[in-house]
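The values are calculated or read from the model by the stated rules, or taken from the named source; none is laboratory data. Everything numeric here is computed off the predicted structure, so don't read it as measured data. Glycine also receives a Cβ, built like all others from the backbone with ideal geometry; neighbour counts cover every protein chain displayed. The protein model used for the area step is the full one, side chains on, heavy atoms only, and it has no ligands, DNA or RNA in it. Shrake-Rupley method; radii C 1.70, N 1.55, O 1.52, S 1.80 Å.
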Amino acid sequence: MAGKILEIKDLKKRFSSDFLLDIKSLSINENEIFTLIGPNGSGKSTLIYLINLLMPADSGKIFFENEDILARKIDKPAVRKKMGVVFQEPLLFNTSVYNNLVMGLKLRSGNVEKYKNNLDFLIKKLRLKELLGRSPKTLSGGEKQKVSLARALLLNPRILLLDEPLANIDQATKDEFSETFFKILKEKGTTTLYITHDRNEAMAISDNIGVIDSGKIEQTGPREEVFRKPINEKVAKFVGVETLVSGIVVNSVNGVLEIKINDIKIFAVGKRDLNEKITISIRPEDVMLLSDVSEPEKLSTLNIFKGITTEIKDMGMFKKVEIDCGFALVAYITETSAKKFNLKKGSQIYAAIKATSVHLF
Ligand code: ADP
Ligand code: MG
């Protein structure tokens, strides 16, 4: 099993009475892409500064390759040499792109030859060849970040810290570039801490995910787990669960619960007490729409609701459909399905949801 590259324990940094970064525990494994998502001002950049030793912590420990890097005796420049970092704003110098690429390398080891293969690899993969002679001033935002990322990767860092490097890039460029870039990281096996507030991107590229809010990590785990089983309503809202309603447990048989929401009943899987008040969530992509159900199945693991569409929003790649089926349910469907159902506001539709897709809090 791959070991931990970074381990944080009880790390604290206070800026004001309003803001305290307080990370009880966080670890990043070798070769993984760990994504930290959270709203603006939640402390993401502060965490990067602390890990990269750009700012002192108030208390706590950061172990990097098993060494406590907040210890007084630590050789900070030596530690920082083993980390690559890219910020939201590209930090490039007024010389050629090529010189920017090899600048860190020259400062640190002076040996360009040793990294020649890696340099060629990055230039090829990121298609930087045409840019090498140009000045960063003449580059687009996306191109500048490509250069910054290549520079950070050139020295084969033990960990790559990325603080929303793609945040200021237009969506089309970002989609294309993001795919290439994260493929490179996987190919090289670069351990990465990736910070973003884009949950779709997090879902697409991460191994493990952490959700941070107001300086505290609310949940960490494999991306599927965090997206499918958010541990509280705060995380659920942030990871994009659209349906969040409360109900009461009215029956429980063999691990299948019957939950009453308004006037309807929904099956879910879990252990709760009778009459317990709970909140349930359903991810929009877990809702299947059906135009007709001839013989509504009485399976206790499948919920089928009859409803009326109250809103249909075009989201580009798919449509977001809001359905009143006794409670407000949100489903995502493809353009093709929407056409097939001839779906309009006020259409009658059936929604099917597996009991295992109903998450409980
Ligand atoms: P994020 O990157 O998640 O948007 P930051 O880590 O930049 O959040 O900021 C977290 C909080 O700390 C914010 O309230 C911000 O205003 C505050 N903050 C960040 N840096 C400083 C600083 N150097 N001095 C005082 N307050 C700061
Ligand atoms: Mg930030």
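Things to note:
- Directionally averaged projected area (convex hull, Cα atoms, the chain), nm²: 22.6 nm²
- Amide H contacts of Leu302 (H built 1.01 Å from N, in plane; Pro and chain starts excluded): Ala355 sit under 5 Å, all sequence-distant by 5 or more or on other chains.
- Here the Karplus relation 6.51 cos²θ - 1.76 cosθ + 1.60, evaluated at θ = phi - 60°, turns the backbone of region 76-88 into coupling constants of 4, x, 5, 5, 5, 4, 8, 10, x, 9, 9, 9, 4 Hz, with x for every Gly and Pro.
- Beta bridges per DSSP, both residues in the chain: antiparallel share near 80 percent.
- With every protein chain in place and a 1.4 angstrom probe, the accessible-area ranking of His359, His197, largest first, reads His197, His359.
- Cβ-placed point charges (K, R +1; D, E -1), dipole of the chain about Cα centre in debye, nearest 20: 1160 debye
- Nearest-ten-degree value, helix 141-154 long axis tilted from longest Cα axis of the chain: 70 degrees
- Placing Phe341, Phe227 in order of accessible area, with the largest value first and a 1.4 Å probe, yields Phe341, Phe227.
- A 1.4 Å probe run over the protein chains yields, for the chain, 51 Å² of accessible area per residue, whole-number rounding.
- Computed from backbone phi, the HN-Hα couplings of region 256-273 come to 9, 9, 10, 10, 8, 10, 6, 9, 10, 10, 10, 8, 9, 9, x, 10, 9, 7 Hz, rounded to whole numbers (Karplus: 6.51 cos²θ - 1.76 cosθ + 1.60, θ = phi - 60°; Gly and Pro given as x).
- Under the combined filter of DSSP loop state and at most 16 neighbouring Cβ atoms within 10 Å, region 1-47 retains these chymotrypsin sites (Phe, Trp or Tyr not before Pro): Phe15, Phe19.
- When each of Lys265/Lys354; Lys125/Lys174; Lys13/Lys234 is checked by Cα-Cα distance, pairs over 21 Å: Lys13/Lys234
- Other-chain or far-sequence residues with amide H under 5 Å of Asp213's (modelled H): Glu218
- Taking amide H as placed 1.01 Å from N in the peptide plane, the amide H of Ile74 sits under 5 Å from none that are at least 5 places away or on another chain.
- For region 282-361, the set of trypsin sites (Lys or Arg not before Pro) satisfying both a DSSP loop assignment and a count of at most 10 other C-beta atoms within 10 Å is given as Lys298, Lys344.
- Within the accessible area of the chain (1.4 Å probe), percent carbon and sulfur: 49 percent
- Residue-wise HN-Hα coupling along region 197-212, computed from phi with Karplus coefficients 6.51, -1.76, 1.60 (Hz; x: Gly, Pro): 10, 9, 5, 5, 5, 4, 5, 6, 10, 8, 8, 10, 10, x, 10, 10
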